[in-house]
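J.: Take a look at this one; I'll ask things after.
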Amino acid sequence: MTLTATPPATDFQSLKTRALDVLHQVFGFDDFRPLQGEVVDALISGNDALVLMPTGGGKSLCYQVPAIVRPGVGLVISPLIALMQDQVTALNQLGVRAAFLNSTLWPEEARDIENALVRGELDLLYCAPERLLQPRMQQLLHQAPLSLFAIDEAHCVSQWGHDFREDYLGLDILEREFSQVPRIALTATADERTRKEIAERLHLQSAGHFVSSFDRPNIQYRIAQKDNANKQLLAFIKEEHQSDCGIVYCLSRNKVEATAKMLSGKGYMALPYHAGLPADIRAAHQERFLREDGVIIVATIAFGMGIDKPDVRFVAHLDLPKSIEAYYQETGRAGRDGAPSNAWMVYGLQDVIKLRQMLEASPGNDHFKRVERQKLDAMLGLCEVTSCRRQSLLRYFGDELEQPCGNCDTCIEPPQTWDGTVAVQKALSCVFRTGQRYGVTYLIDVLRGADNERIRSQGHDKVSTFGIGQDLSTQQWKSVFRQLVAGGYLQADAEGYGALSLTETCRPLLKGEDTVWLRRDPETKRKPKGSASVKRTLVIEDQPAWDSLRARRKALADEQGVPPYVIFHDTTLLEMLERRPKTLEEMGEINGVGAAKLDRYGQAFLEVIATIDVENASAFE
Ligand code: ADP
Ligand code: ZN
């Protein structure tokens, strides 16, 4: 059997038409997203491609469509064995001939798939890089008709990233051994250096680069002041995500356990996940998160890598991440399906102090610490920013957003600023007068002139700053101190008590030479008011109808032992709810309902919609 060579030019147009047909018929989508169409064109005309798209951007379609359209088998190289099963299940649901080869298969199963590969009876075959490099697999590939190679998570080839995989380095063999087969490398890791490294190491020098914006417009970013974190979290979930699935991130294992318990106590299905739990419990919790509706995972950052669940409706942070990279990656797990989702965080002075202390106490060398300090500073800057958060976020990744986004807390409700020049002077001077040995609670007591034995015993009721801060509340002073620590004007000692001392940079502030504008923290009780023009979080008008649709989806999923989202995504169910199709034909027009799924599930969901309509009609009688 020969390799599939580049199709002759005359075939290109017909392949292009086929690609659109596949998009409509198989996937049930109306249009390609930006860049998808271009990447598909490149591959079906036999060229290589390097694709950078954010999580949820729609990378898979870029190789799935050409693999189906071009003759031969598309080989997908992915490092995450755990994900292969679900990816293949999802494709099989669409009627695509997909399979995977990995160590979880029985030898006979593997042999069947190998045979199908050689006979070209598959559209897509997933395997891990180490398997691909085995001589046996190489031999099979030389016998098989191949349509393309897709190298997923291509940043794993970068020796400087945290996801480096030795086996990825061997993938340059594809260019030497299969030079006629187009290759596509995909990643969500944005930076220029990694991109160059991928092109070099994978020998993709002549590949077209397709770099999409890293914006995730369906995610609403919100960062609020921490007041009573548990209460704030509960209110947020109750008001906006009552029966949704989400992730809550905490810094420590203890806090993960406590928060999961707290949420369970309030009737939510919340499960803890951290590296200290036995592996089987962790696996069970992850499985329930993937398979069931409305599960909340409370986790340390150990959770998330390789989680492909498309309908995570919120990601909440109860602790501040160490960098914008981490924040963006973690929040990026929300809303892969493109439906409105929330990235919500509360943070306060203690977070700033804790992270700064952890950093200073960490064993790294000076250079390491300097880099980490800069990253933390950028993260704190994002928290304190008074302009559009999305613009700040994207700018950090070298991506400019021309207009404020309208879908972050600072856009929806622009924070006020106030002239804090005098307050800042008072605060800094109080730190100085008391000897730079005290934490923020004590300092605020001194400023507010508290009647307090400890203050008297230290003689601090005699210092000039005693009682000069009665014009501001304790809460307002906390806000001032937080902004001073966040801005690097004050530093907390690394030893643990959080004693604040002055840094070099605070000199002009202390002298009152610079006017200082501070953020006025909005009251914590209110959530941002969405104006009509603002994309809101998922608003379900008809909760019982929504629940019925989801219940049917769950039942169908359970029958086959697959996660509900491989039957239909939330976005598809939402569209059903909105458009209420009455016939199979109308059902087929819904985004995400391709021919195979229409065939298998169309009738079942039409029945649900019919009963909803009957119930609604009888409600008016
Ligand atoms: P990535 O791999 O980039 O994180 P996926 O390939 O998983 O993203 O796609 C994210 C989501 O977007 C999936 O739910 C997918 O079905 C959906 N999607 C992708 N392309 C389109 C499209 N052209 N139209 C509608 N939905 C799409
Ligand atoms: Zn904004």
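The values are calculated or read from the model by the stated rules, or taken from the named source; none is laboratory data. Note that the structure is predicted; figures quoted are calculated from it, not measured. Cβ placement follows ideal geometry from the backbone for every residue including glycine, while neighbour counts extend to all protein chains displayed. Heads up: the accessible areas ignore ligands, DNA and RNA and are worked out on the full protein's heavy atoms, side chains in. Shrake-Rupley method; radii C 1.70, N 1.55, O 1.52, S 1.80 Å.
J.: Take every DSSP beta bridge with both residues inside the chain and express the antiparallel ones as a percent of the total, to the nearest 5.
T.: Counting only bridges with both partners in the chain, antiparallel ones make up about 15 percent.
J.: Related question: Hey, with R₀ at 25 Å, roughly what FRET efficiency would Gln205 and Arg136 work out to, going by the Cβ-Cβ distance, to 0.05?
T.: 0.25
J.: Moving on to the next point. Which net charge results for the neighbourhood of Ala551, defined as the other residues with beta-carbon distances under 11 angstrom from its beta-carbon, given Lys and Arg at +1 and Asp and Glu at -1?
T.: Residues close to Ala551 contribute a combined charge of +1.
J.: At a probe radius of 1.4 Å, what is the per-residue accessible area of Lys511, in Å² to the nearest 10?
T.: Rounded to the nearest 10, the figure is 130 Å².
J.: Taking a cut-off of 15 Å, what percent of all Cα-Cα pairs in region 417-520 are separated by more than that? Mind showing how you got there, number by number?
T.: On the way: 3097 of 5356 pairs.
Counting every Cα pair in region 417-520, those more than 15 Å apart make up 58 percent.
J.: What does the helix-only formula give at 222 nm for the chain: each DSSP H stretch with n ≥ 4 adding -39500 (n - 2.57), the total divided by the residues, and the result rounded to the nearest 500 deg cm²/dmol?
T.: Taking each H run of at least 4 residues, the total per residue is -13500 deg cm²/dmol.
J.: Hey, another quick one. If you take the charge dipole of the chain about its Cα centre, with +1 on Lys and Arg Cβ and -1 on Asp and Glu Cβ, which of Thr331, Leu251, Phe100 is farthest toward its positive end?
T.: Ranked along the dipole, the leading option is Leu251.
J.: Calculate one ³J(HN,Hα) per residue across region 497-502 by plugging θ = phi - 60° into the Karplus curve 6.51 cos²θ - 1.76 cosθ + 1.60, and present them in order as whole Hz with x for glycine and proline.
T.: So the J values, rounded to whole Hz, are 8, x, 5, 9, 9, 7.
J.: About the Cα centre of region 1-156, how large is the charge dipole given +1 on each Lys and Arg Cβ and -1 on each Asp and Glu Cβ? Please answer in debye to the nearest 20.
T.: On the way: 10 positive and 17 negative charges, 40 e Å.
Once rounded to the nearest 20, the dipole reads 200 debye.
J.: Moving on. Classify region 100-222 from the C-alpha gyration tensor, please: rounded if a/c falls under 1.5, else prolate or oblate depending on whether a/b exceeds b/c.
T.: Prolate shape, in that a/c is at least 1.5 and a/b is the bigger ratio.
J.: May I ask you to order 11-18, 483-490 by the average number of other C-beta atoms within 10 Å around their residues, highest value first?
T.: On the way: 11-18: 14.1, 483-490: 23.0.
Going by the mean number of other Cβ atoms within 10 Å, highest first, we get 483-490, 11-18.
J.: What accessible area per residue, rounded to a whole number of Å², is obtained for the chain using a probe radius of 1.4 Å?
T.: Heavy-atom SASA per residue in the chain reads 45 Å².
J.: Another question about this same structure. What's the angle, to the nearest 10 degrees (0 to 90), between helix 9-25's Cα axis and the longest principal axis of the chain?
T.: The angle comes out at about 60 degrees.
J.: Charges only on Cβ, +1 for Lys and Arg, -1 for Asp and Glu: so what's the dipole of the chain about the Cα centre, in debye to the nearest 20? Mind dumping the intermediate values first?
T.: Details: 71 positive and 83 negative charges, 408 e Å.
Roughly 1960 debye, rounded to the nearest 20.
J.: Something else: Binned at 20 Å from 0, what are the whole-percent values of the Cα-Cα distance distribution for the chain, short to long?
T.: 17, 46, 28, 8, 0
J.: Pull out the extension gain between Thr611 and Phe432, defined as 0.36 nm times the separation in residues minus the alpha carbon to alpha carbon distance; nm, one decimal.
T.: 57.3 nm
J.: Ok, one more. Using amide H atoms built in the peptide plane, which far-off residues or other-chain residues are under 5 Å from Trp517 H to H?
T.: Gly420
J.: Using only Cα atoms, find the angle between the long axis of helix 192-201 and the longest principal axis of the chain, and express it within 0 to 90 degrees, rounded to the nearest 10.
T.: Result, in degrees: 30.
J.: Next question. Round to the nearest 10 and report in Å² the accessible area of Asp163, as given by a 1.4 Å probe over the protein chains' heavy atoms.
T.: We get 40 Å² for Asp163.
J.: Mind listing the long-range amide H neighbours of Ile184? Cut-off is under 5 Å, sequence gap 5 or more, other chains count too, H placed in the peptide plane at 1.01 Å from N.
T.: Amide H neighbours of Ile184: Ala49, Phe149, Ala150, Ile151.
J.: Additional query: Compute the angle between helix 229-240 and the longest alpha-carbon principal axis of the chain, please, reported from 0 to 90 degrees and rounded to the nearest 10.
T.: Orientation of helix 229-240: about 40 degrees from the principal axis.
J.: On full extension of the chain, what length is gained from Ala361 through Asp419, given 0.36 nm per residue of separation minus the C-alpha to C-alpha distance?
T.: The Ala361-Asp419 span can extend by a further 17.4 nm.
J.: What's the magnitude of the charge dipole for region 543-619 around its Cα centre, counting Lys and Arg as +1 and Asp and Glu as -1 at the beta-carbon? Answer in Debye, nearest 20.
T.: With Lys and Arg at +1 and Asp and Glu at -1, about 140 debye.
J.: For region 467-517 and region 380-401, what is the separation of their C-alpha centers, rounded to whole Å?
T.: Cα centroid to Cα centroid, the span is 24 Å.
J.: State the extension gain, in nm to one decimal, for the chain segment bounded by Glu578 and Ala279, taking 0.36 nm per residue of separation less the distance between their alpha-carbons.
T.: Result: 103.5 nm gained on full extension.
J.: Just report the Cα centroid separation between region 9-55 and region 174-222, whole Å.
T.: Rounded to whole Å, the Cα centres lie 16 Å apart.
J.: Right, something else. So what are the ³J(HN,Hα) numbers for region 78-93, from phi and the Karplus equation (6.51, -1.76, 1.60; θ = phi - 60°), rounded to whole Hz, Gly and Pro as x?
T.: Once rounded to whole Hz, the list reads 9, x, 9, 4, 4, 8, 4, 4, 5, 5, 5, 4, 4, 5, 4, 4.
J.: Leaving out ligands, DNA and RNA, what percent of the accessible area of region 58-199 is carbon and sulfur, probe 1.4 Å?
T.: Answer for region 58-199 is 48 percent, counting heavy atoms of protein chains only.
J.: Got a sec? Charge dipole of region 12-211, +1 on Cβ for Lys and Arg, -1 for Asp and Glu; which of Ile173, Ala144, Gly57 is way out at the positive end?
T.: Ala144
J.: Still on this structure, I have one more. Around Leu146, which amide H atoms from residues at least 5 apart in sequence, or from another chain, sit under 5 Å from its own amide H, with H modelled in the peptide plane?
T.: Correct list: Thr4, Val73.
J.: Based on the alpha carbons, how large is the Rg to Rh ratio for region 355-437 when Rh follows Kirkwood?
T.: 1.09
J.: Another one. Carbon-plus-sulfur fraction of the accessible area of region 325-392, 1.4 Å probe, in percent?
T.: That share works out to 52 percent.
J.: Which one, Gln374, Gly449, Val352, projects farthest toward the positive side of the charge dipole computed for the chain from Cβ point charges (K/R +1, D/E -1)?
T.: Highest projection toward the positive end goes to Gly449.
J.: Take region 12-211, drop everything but the C-alpha atoms, weight them equally and run the Debye formula without solvent; then report log10 I(q)/I(0) at 0.09, 0.12, 0.17 Å⁻¹ to two decimals.
T.: -0.30, -0.55, -1.17
J.: Per residue of region 95-104, what does 6.51 cos²θ - 1.76 cosθ + 1.60 with θ = phi - 60° give for ³J(HN,Hα)? Whole Hz please, x for Gly and Pro, Karplus curve as stated.
T.: x, 8, 7, 10, 8, 10, 10, 7, 5, 7
J.: Here's something else I'd like to know. Which value does Rg/Rh take for region 1-126 over its C-alpha atoms, Rh per Kirkwood?
T.: My calculation of the ratio gives 0.96.
J.: Expressed as a whole number of Å, what is the distance separating the alpha-carbon centroids of region 337-378 and region 288-302?
T.: About 24 Å separates the Cα centre of region 288-302 from the one of region 337-378.
J.: Work out the FRET efficiency for Arg111 and Ser387 from their Cβ-Cβ distance, taking R0 = 51 Å, and round it to the nearest 0.05.
T.: For Arg111 and Ser387, the calculated efficiency is 0.25.
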